[in-house]
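This report refers to the structure that appears directly beneath it.
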Amino acid sequence: MTVTKATARDPFLWRRPLEAVFLPAAALVVALVIFGGFCGLAGANPFDVYGSIYKAAFGSWSAWQNTLIRAAPLMLTALCTALPARLGLVIIGNEGALVMGGLGAMLLGLNLGTSLPPVMVQLAMAIAGMVAGGLWIMLAGALRHYRGVNETISSLLLNYIAIAFLKHLVEGPLRDNSFVTKASSAELDPANWLGALPGTRIHFGLLYGLVICVLAYVLIQRTTFGFATRTTGGNIRAAKIAGLPVGKLTLAICFLGGSAAGLAGMVEVAAVQKRVNESLVSNYGNAGTLVSFVSRHIPLATVLVAVLLGGILASGGILQRSHNLPDATVLVFQGIVFLCVLFSDSLYGKLSWFQEKALKD
């Protein structure tokens with residue numbers, strides 16, 4: 001066995017990454033216990049509820065497909081928070097970026113129609129969605145850097161503006177009067193729909209999510225841009241002294257994060273909704289924020305957390321049918337998890353078991 005100099009100097013070095021895994025996992029366990037108490041107060045057996053969630057999320061191949069369909073946009077919207085977080089920014093405008101990305105993709109898709117091959121139309125829609133979402137979040141980054149506006153507040157308010165803009169368009173200029181179920185745009189041409197993986201119901205958005213998460217990891221961990229971003233996030237004053245272009249980094253990382261959420265919007269309209277209406281506001285953006293925090297803003301870790309949360313979101317129907325719980329019960333669970341994870345963040349570096357000094361003493 002080879003012992004490196006770093007390990008010889010610090011035999012407890014391995015406990016630091018272990019802490020980064022232990023605390024989120026412990027937060028999830030605590031959230032499960034609290035959620036079980038909530039279900040008990042509502043008249044449901046907590047253990048039966050846990051079993052139903054597992055069954056609906058991972059109990060069969062059909063359940064796995066439902067889970068992965070929901071996990072795909074979560075992977076992408078999580079990056080809207082995860083990437084700016086590496087620069088020290090707290091962006092929660094994921095839902096707004098998703099909405100704007102879906103709108104941008106649909107507008108271009110409706111205008112192109114069948115004038116180009118379907119693959120080209122889908123590619124153009126993906127680019128349009130990414131640009132729309134990226135510019136939307138870049139606005140929050142610009143407000144932060146040039147005007148000192150808190151990016152958390154501005155990105156949150158941009159969510160409401162994007163949703164209001166969506167409602168204005170689908171109830172006015174984009175409304176398809178032949179579709180009477182709800183105010184919606186015209187339907188995307190079937191030739192341009194985003195297809196499913198062979199033999200499954202899982203759309204190609206899952207591949208988009210996996211590929212973008214891998215690229216995001218490489219960008220942050222293996223490139224000069226990523227190093228500059230992490231350096232600035234660690235100490236912005238030192239970054240400025242070193243001559244790093246903080247303003248450009250802020251705009252770039254916000255654009256990249258927003259473009260990932262915008263791509264999620266394109267996936268939703270091209271693979272699921274097939275048209276734009278209020279159903280585009282599906283809470284995937286807000287859930288993506290939770291995925292990012294649970295995964296500690298690590299792009300590759302967001303894949304696993306997105307699958308877990310996707311399974312939880314897929315279980316809403318069975319909780320309503322089998323336990324007489326509201327369909328929104330899973331949103332309560334989501335909120336509990338978020339609070340527990342935020343609390344666990346305050347414990348980093350404070351648990352004696354993970355502290356080298358305490359162990360040596």
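The values are calculated or read from the model by the stated rules, or taken from the named source; none is laboratory data. What you see is a predicted model, and the numbers here were worked out from it, not measured in a lab. With ideal geometry, Cβ positions are generated from the backbone for all residues, glycine too; neighbour counts draw on all protein chains shown.
Things worth noting here:
- Cβ separations smaller than 9 Å between residues 6+ apart or across chains give the following pairs from region 156-178 residues that are surrounded by 18 or more Cβ atoms within 10 Å (Cβ to Cβ) to residues that are among the polar types (S, T, N, Q) and part of a helix (DSSP H, G or I): Asn159/Asn94; Asn159/Asn286.
- Scanning region 252-298 for residues that are on the phi > 0 side of the Ramachandran plot and more than 14 Å from the chain's Cα centre (by Cα) gives a single hit, Lys274.
- Subset of region 42-62 that is under 26 Å from the mean Cα position of the chain (by Cα) and not in a helix (DSSP H, G or I) - its residue that is surrounded by the most Cβ atoms within 10 Å (Cβ to Cβ): Gly59
- When the residues of region 89-114 are filtered to those that are touching a Gly at 6+ places or on another chain (Cβ under 8 Å) and of a type in the set (Val, Ile, Thr), the one that is surrounded by the fewest Cβ atoms within 10 Å (Cβ to Cβ) is Ile91.
- Checking Thr200 against (1) among the hydroxyl-bearing types (Ser, Thr, Tyr); (2) touching a residue at least 40 places away in the same chain (Cβ under 8 Å); (3) assigned to a helix (DSSP H, G or I), the condition it does not meet: (3)
- Look at (1) assigned to a helix (DSSP H, G or I); (2) surrounded by 16 or more Cβ atoms within 10 Å (Cβ to Cβ) and you find that Glu187 fails only one, number (1).
- Qualifying residue in region 141-162 (condition: among the basic types (Lys, Arg) and under 25 Å from Gly113 (Cβ atoms)): no
- Helices (runs of 4 or more DSSP H) lying entirely in region 294-357 (those with 1 or more residues that are surrounded by 21 or more Cβ atoms within 10 Å (Cβ to Cβ), at pLDDT 85 or above and among the aromatic types (Phe, Trp, Tyr)): 329-345
- Enumeration of residues in region 66-88 that are within 14 Å of Thr152 (Cβ to Cβ) and either under 11 Å from the mean Cα position of the chain (by Cα) or buried (at least 24 other Cβ atoms within 10 Å of the Cβ) (or both): Cys80, Thr81, Pro84, Leu87
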